[in-house]
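For reference, the structure is listed below as structure tokens.
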Amino acid sequence: MHDDASRPPSAGPSGTVTRSAHRAHRARGTRPVPWPWFAVAGITFAFLVLPLVGLLGQVPWSTLGSDLSTTEATSALRLSLVCSVWAAALAVCFGVPLAWVLARVEFPGRSVLRALVLLPMVLPPVVGGVGLFYALGRDGLVGRYLYEWFDIQLTFSTAGAVIAETFVALPFLVITVEAALRSMDRRYEEAAATLGATPWTVTRRVTLPMILPGLVAGTALAWARALGEFGATITFAGNVAGRTQTTPLAVYLLLESRPEVAIGLSVVLLAVCIGVLALLRDRWFGVG
Amino acid sequence: MSLDAHLELRIGTLDLDVELQAETGETVAVLGPNGAGKTTALRALAGLAPLDAGYIRLAGETLDDGATINVAPERRSVGVVFQDYLLFPHLSALDNVAFGLRSRGHSRSDAHRAAHLALARVGLDEVADAKPRALSGGQTQRVALARALATEPALLLLDEPLAALDQRARATVRRELRQQLSAVPGVRILVTHDPFDAAALADRLVIVEGGRVVQTGSFAEISARPRSTYVAELVGVNLLRGTAVGTRVDLDAGGALVVATATSGAVSTVFHPRAVSLHAGEPSGSPRNVMAARVVGIERLGDRVRVQVAGPVPLVAEVTPAALAELALVEGSPVWAALKATDITVFPS
């Protein structure tokens, strides 16, 4: 897991011992696997990989370049890039302080609060979108004041798409950064304090650099989740070409009318996801 | 009195109530078993654990009075060398040493200049750009000490300064550290469970057991008159001063010892009574130090017996009551004493 990556090197000896002991135990555990397991495992793997094969089999490789340079495709890709980067940035700015409080402050109801923070991870995105609509929509709980006082309308706007993506991406950032903060050896912060560092200097020069691997992993996960967001975006922000029609929405819409463009865009999303997995391989899944 | 402290605090099952005084320029070792409260005392002095009662006064300033005053660690003139050194893994050796000065508002270039000087003083300027993981144990210790001293603290705290080192680096660092500490202008407090480290590094010992001070004094005073079995076990070691010429140490009290590490000049040799074996006849074998002696004192210590012998070198040996009976030793008996060179710790005095 990623907490190995953010574990300080001097905590190494004890960590190394338990890890290698664990590995030795696993290597010794050579009890045979029942043969039906192999059969079912093979079916499961095929089930997971088959859609990718199906997708790649349909890709019109020769016209891929021209399909992706159509207006629908370029505007959807540009919008997706802008929205997902904004969503990841907002998730970092607002998620890191929340992760900090959850990791470092003990208060009654903390576990309930943590469960609520993680809810968007399991909540159907459409439900999230409906919730956002009644909270931040023009007649929503907060949205009506945004509209009345500041003339801000989030529905059917690019800002709305960013908000929807941020909503589903935040838990990934929070859970990753919180774990990194919990697994960090806090004595480094004490050492910094004895050297004259104020709490803010400790945060900036010791804590943040030491949890950086976790922060990078969390940001990448949040960004990937934002990039693929569909349900909350279409429910809350709508499907307005050039404003809220991000790549997943365009794929869905174009699958009927321009399947070759939809497939091209799907391939781009697939390639990006594989790239994120490769980036996180060491940090999130452990090497090998 | 430069440091005057009465530390009272409870953490978990530990109930600490310890008085600690030290003069400027003095090294005091807080010696005791694991769980005695040594590290907690050190954390209280550093400001990392607030006192429940008592006080900490450093150079006339009250840092903690157990009630209203508790100066934050970043505002105390205290440097700490932590047990596993805790160099910031993401910063170079230079930036680690410069960290304190930068935190206290010095410019980056000033801090770096001072850090370069500090590293050069301990012979490490060539690893200034290395990350801590690339440093050896001994280098890490020196960088940690340079980092703690960079802000010129009035009080230097060392938590088990040698415990993280392997046996070979330990002997070298122990020698160097003594010289480095004597050059530090403020008060030095070190915490250790190792009587050899305490003997090598400290001017005065404070022995702590179960959160209470059980005895204080110089190493020689305490080892001559241990007030409890526990203290006797801990510091009841042989301490002999002399002059080293290579691996031979001519003792001030007469006689000589062969030791494993070659040094020169005035040294102290330390070895545990357990390392001294007693024999009815002249033993042959690996021990480099074999001498004919006479029993001058026998003292029962729990399930062991301490036997004082006088010969070319005055020694204390520790044997079992069974061995004593088998050798039929009484005061005045002739006996052979043997001691391996590798069991003797040597440090400059």
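The values are calculated or read from the model by the stated rules, or taken from the named source; none is laboratory data. What you are looking at is a predicted structure, and each value in this text was computed from that prediction instead of being measured. Positions of Cβ are generated from backbone atoms using ideal geometry, with glycine treated the same way; all protein chains shown enter the neighbour counts.
Computed quantities for the displayed model
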{"quantity": "Options A:Val162, A:Val122, A:Val117, A:Val142: the member that is at pLDDT 95 or above and out of contact with any strand residue (DSSP E or B) (no Cβ under 8 Å at 6 or more places or on another chain)", "calculated": "A:Val162"}
{"quantity": "Residue match in the stretch B:19-35 (condition: surrounded by 17 or more Cβ atoms within 10 Å (Cβ to Cβ), within 14 Å of chain A (Cβ to nearest Cβ) and either under 17 Å from the mean Cα position of the chain (by Cα) or in contact (Cβ under 8 Å) with a residue 24 or more places away in the chain (or both))", "calculated": "no"}
{"quantity": "Members of the stretch B:152-170 found to be modelled with pLDDT under 90 and within 11 Å of chain A (Cβ to nearest Cβ), listed by number", "calculated": "B:Ala164"}
{"quantity": "Residue in the stretch A:184-192 that is under 30 Å from B:Arg75 (Cα atoms), without any contact (Cβ under 8 Å) to a residue 60 or more places away in the chain and of a type outside the set (D, E, K, R) present", "calculated": "yes"}
{"quantity": "Helices (runs of 4 or more DSSP H) completely within the stretch A:194-288 that count 3 or more residues being away from every other protein chain (no Cβ under 14 Å) and without any contact (Cβ under 8 Å) to a residue 60 or more places away in the chain", "calculated": "A:247-257, A:259-285"}
{"quantity": "Some residue of the stretch B:48-71 being in contact (Cβ under 8 Å) with a residue 24 or more places away in the chain, within 13 Å of chain A (Cβ to nearest Cβ) and more than 21 Å from B:Leu190 (Cα to Cα)", "calculated": "yes"}
{"quantity": "Odd one out for A:Asp185 among (1) within 14 Å of chain B (Cβ to nearest Cβ); (2) not in a loop (DSSP other than H, G, I, E, B)", "calculated": "(2)"}
{"quantity": "For B:Ser77: the one exception among (1) within 26 Å of B:Asn96 (Cβ to Cβ); (2) more than 12 Å from chain A (Cβ to nearest Cβ); (3) of a type outside the set (A, V, I, L, M, F, W, C)", "calculated": "(2)"}
{"quantity": "Residue match in the stretch A:205-218 (condition: touching an Asp or Glu at 6+ places or on another chain (Cβ under 7 Å) and among the polar types (S, T, N, Q))", "calculated": "yes"}
{"quantity": "Strands (runs of 3 or more DSSP E) contained in the stretch B:299-349 and holding at least 2 residues surrounded by 13 or more Cβ atoms within 10 Å (Cβ to Cβ) and touching a residue at least 40 places away in the same chain (Cβ under 8 Å)", "calculated": "B:315-319, B:334-339, B:345-348"}
{"quantity": "Flag if A:Val59 is free of Cβ contacts under 8 Å to residues at least 60 places away in the same chain and farther than 21 Å from A:Phe236 by Cβ", "calculated": "no"}
{"quantity": "Some residue of the stretch B:101-108 being free of Cβ contacts under 8 Å to residues at least 40 places away in the same chain, within 11 Å of chain A (Cβ to nearest Cβ) and part of a helix (DSSP H, G or I)", "calculated": "yes"}
{"quantity": "Which numbered condition B:Asp84 fails, given (1) at pLDDT 95 or above; (2) facing chain A (nearest Cβ under 9 Å)", "calculated": "(1)"}
{"quantity": "Strands (runs of 3 or more DSSP E) fully within the stretch B:113-224 counting 1 or more residues that are surrounded by 22 or more Cβ atoms within 10 Å (Cβ to Cβ)", "calculated": "B:155-159, B:187-192, B:204-209"}
{"quantity": "Odd one out for B:Leu63 among (1) more than 25 Å from the chain's Cα centre (by Cα); (2) part of a loop (DSSP other than H, G, I, E, B); (3) among the hydrophobic types (A, V, I, L, M, F, W, C)", "calculated": "(2)"}
{"quantity": "Which numbered condition B:Leu42 misses (of (1) away from chain A (no Cβ under 11 Å); (2) surrounded by 20 or more Cβ atoms within 10 Å (Cβ to Cβ))", "calculated": "(1)"}
{"quantity": "Test: residue in the stretch B:87-96 that is at the interface with chain A (Cβ under 10 Å from one of its Cβ atoms), in contact (Cβ under 8 Å) with a residue 60 or more places away in the chain, more than 24 Å from B:Ile207 (Cβ to Cβ) and in a loop (DSSP other than H, G, I, E, B)", "calculated": "yes"}
{"quantity": "Residues (of a type in the set (Gly, Ala, Ser) and either under 19 Å from B:Leu339 (Cα atoms) or surrounded by 15 or more Cβ atoms within 10 Å (Cβ to Cβ) (or both)) located in the stretch B:225-263", "calculated": "B:Ala232, B:Gly236, B:Gly242, B:Ala244, B:Gly246, B:Ala253, B:Gly254, B:Gly255, B:Ala256, B:Ala260, B:Ala262"}
{"quantity": "Positions within the stretch A:101-133 being out of contact with any Pro (no Cβ under 7 Å at 6 or more places or on another chain) and closer than 25 Å to A:Gly238 by Cβ, in sequence order", "calculated": "A:Leu119, A:Val122, A:Leu123, A:Pro124, A:Pro125, A:Val126, A:Val127, A:Gly129, A:Val130, A:Gly131, A:Leu132, A:Phe133"}
{"quantity": "A:Ala197, sole failed condition from (1) of a type outside the set (Lys, Arg); (2) buried (at least 21 other Cβ atoms within 10 Å of the Cβ); (3) under 30 Å from A:Trp61 (Cα atoms)", "calculated": "(3)"}
{"quantity": "Yes/no for B:Ala280 being more than 19 Å from B:Ala232 (Cβ to Cβ), at pLDDT below 90 and either surrounded by fewer than 20 Cβ atoms within 10 Å (Cβ to Cβ) or in contact with a Lys or Arg (Cβ under 6 Å, 6 or more places away or on another chain) (or both)", "calculated": "yes"}
